[in-house]
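What follows is a set of notes on a single structure, which appears directly below.
The values are calculated or read from the model by the stated rules, or taken from the named source; none is laboratory data. As the structure is a prediction and not an experimental result, all values here were calculated from the model. Cβ placement follows ideal geometry from the backbone for every residue including glycine, while neighbour counts extend to all protein chains displayed.
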Amino acid sequence: MHTYRRLIALAFSQRGLLLALISLFLTSVCVGQDTRSRRQRRSRRNANIVKVILPAPRTSSSLSLEELLASQGPLQMPASTPLDVGEIGQLAWAAQGVHVELQRVNGGNDPSVGMQLLFVTAEGIFRYAPRDHSLEQLTPVDFRDPLVLASQGRPGQSVGCGILITRSTAIRGARENNRAKRLLNMRVGQLGQIIKLQAAALGLVTLDVADFDSHGFRIKARLPKETEPLHVLLVGYRPDQAAGERVPSSEILLTSADETVTMRGKAVLLIASSGFRDEELFDTGRVLNAAGIDTVVAAARVGVARGMLGGWVQATVAFSKLDVEAYDAIVLIGGSGVGELSRNDRVASIVKDALSKEKIVAAIDVATGILARVDAVRGVRVTGYPSEQKRLTEAGAIYTGLSVESDGAIVTARGPAASLRFGQAVADAVLSR
């Protein structure tokens, strides 16, 4: 009888162990699936981030410090004329971009660690990423009017741009002692003054906001809950500057430093007015800039151009106004807008003119077909997107299908994945001359 009872107890204990193991297995599977699901959601969110690579900042001004200080007249609400990408990029660089290396060296001793600049623009709210001098879009909605209202402005009133100096509440902790607070306040005031001086150099006016409804605006704009606005500035053109009279002051007041010292070449990136391939433009341009090569973006029309993946860029030169002689390289960017480039006779003329002047001519992805159209690849080793192979070979090219090809003055690349190598190949070609 005792033996029978022991057998029953053993069976139940083994059954319990088995059930526990099964429960543990199912729990681990569910947790794994939940973890993968979170990773996939994060991946999708990251894939949908709209990123704007800003133009290279200028490093000198024709105005002295005294002139900049004197130009800061009485406080007034800026006009609602939107700022362009170059102006926003210059303001961002002055406030944070120029201090990236300082933050890297000082680490936790720098009170600006964890601080972020948010730009409230006509295109939405963007976070500045100083590491690669870019903007990341938080929302595509224009919140300039609500920003002014939260700044105790009048309903319906707007500005060219709003700048929020923020930090994450998650970094408080041990740092939040009296000394840290004083350092933080000093740094915020310093950044605010730097922004105002840079704005003055751009011909802009700036209004500090003393009473800002940070909670209300954060809820309205759906900013991350941990975002803490420390200081708000409203920036724009003077109210007496009509939109039709607007002249980008960066063209007047800001000049590059001595090009013989700081710049080692110039390249122009040709795109369609819309539909360019984002990484082919942004990655290529970033590599060229890192190599000390100045870049500009040219399109059929001056203004904002949107990429296939949602990024956007300010085209500052129209094809009709482009002077090939002023540049060392002409770079054709691919994407769904290439058809517009291919049909544009002015683009064909630019490429032919560049070749005749022995300039570097480069093309990536489907844009390589433009080189075939202008008969620039006969006997030349090239690559390009597979759809362009027949067109290129019929034009006399030696199609290799490699990631990147350089043959004389012609540089070509297969597609978006080769953007960084393409940029480096163009840089090498320019710098070797």
Practice task
Name the residue, out of A367, A362, that is at pLDDT 95 or above, within 17 Å of G285 (Cβ to Cβ), in a strand (DSSP E or B) and not charged (D, E, K, R).
Solution key: A362
Problem - the stretch 275-312, subset closer than 13 Å to G423 by Cα and small (G, A, S), residue modelled with the lowest pLDDT - result: A290
Practice task
Return only the number of the condition from (1) more than 24 Å from the chain's Cα centre (by Cα); (2) modelled with pLDDT of 95 or more; (3) not β-branched (V, I, T) that G401 does not satisfy.
Solution key: (2)
Exercise for the section: Exactly one condition in (1) modelled with pLDDT of 75 or more; (2) of a type in the set (V, I, T); (3) touching a Lys or Arg at 6+ places or on another chain (Cβ under 7 Å) is not met by V85; state its number. Expected result: (3)
Exercise for the section: Tell me, yes or no, whether the stretch 388-398 has at least one residue that is of a type in the set (G, A, S), in contact (Cβ under 8 Å) with a residue 40 or more places away in the chain and assigned by TED's automatic domain parsing to the domain that holds I364. Expected result: no
Exercise for the section: Being in contact with a helix residue (DSSP H, G or I) (Cβ under 9 Å, 6 or more places away or on another chain) and either closer than 27 Å to D283 by Cα or polar (S, T, N, Q) (or both) is the filter here, so list the residues in the stretch 130-160 that pass it. Expected result: P130, R131, D132, H133, S134, L135, L138, T139, V141, S151, Q157, S158
Fill in the blank from the handout: For L420, the lone unmet condition from (1) hydrophobic (A, V, I, L, M, F, W, C); (2) in contact with a helix residue (DSSP H, G or I) (Cβ under 6 Å, 6 or more places away or on another chain); (3) assigned to a loop (DSSP other than H, G, I, E, B); (4) surrounded by fewer than 23 Cβ atoms within 10 Å (Cβ to Cβ) is (3)
Problem - Flag for F212 being over 18 Å from Q76 (Cα atoms) and modelled with pLDDT of 85 or more - result: no
Exercise for the section: Please work out which residue is modelled with the lowest pLDDT, limiting yourself to the stretch 161-185 and to residues that are over 18 Å from A94 (Cα atoms) and among the small types (G, A, S). Expected result: A174
Practice task
Specify which of the listed residues (V209, V148, V120, V141) is under 30 Å from E66 (Cβ atoms), in contact (Cβ under 8 Å) with a residue 24 or more places away in the chain, in the same structural domain as L233 (by TED's automatic domain parsing) and not basic (K, R).
Solution key: V209
Exercise for the section: Taking only the stretch 133-147 into account, find how many residues are in contact with a strand residue (DSSP E or B) (Cβ under 7 Å, 6 or more places away or on another chain) and either surrounded by fewer than 16 Cβ atoms within 10 Å (Cβ to Cβ) or not in a loop (DSSP other than H, G, I, E, B) (or both). Expected result: 10
Practice task
Could you list, in sequence order, all residues of the stretch 190-202 that are in a helix (DSSP H, G or I) and touching a strand residue (DSSP E or B) at 6+ places or on another chain (Cβ under 8 Å)?
Solution key: L191, G192, I195, K196, A199, A200, A201
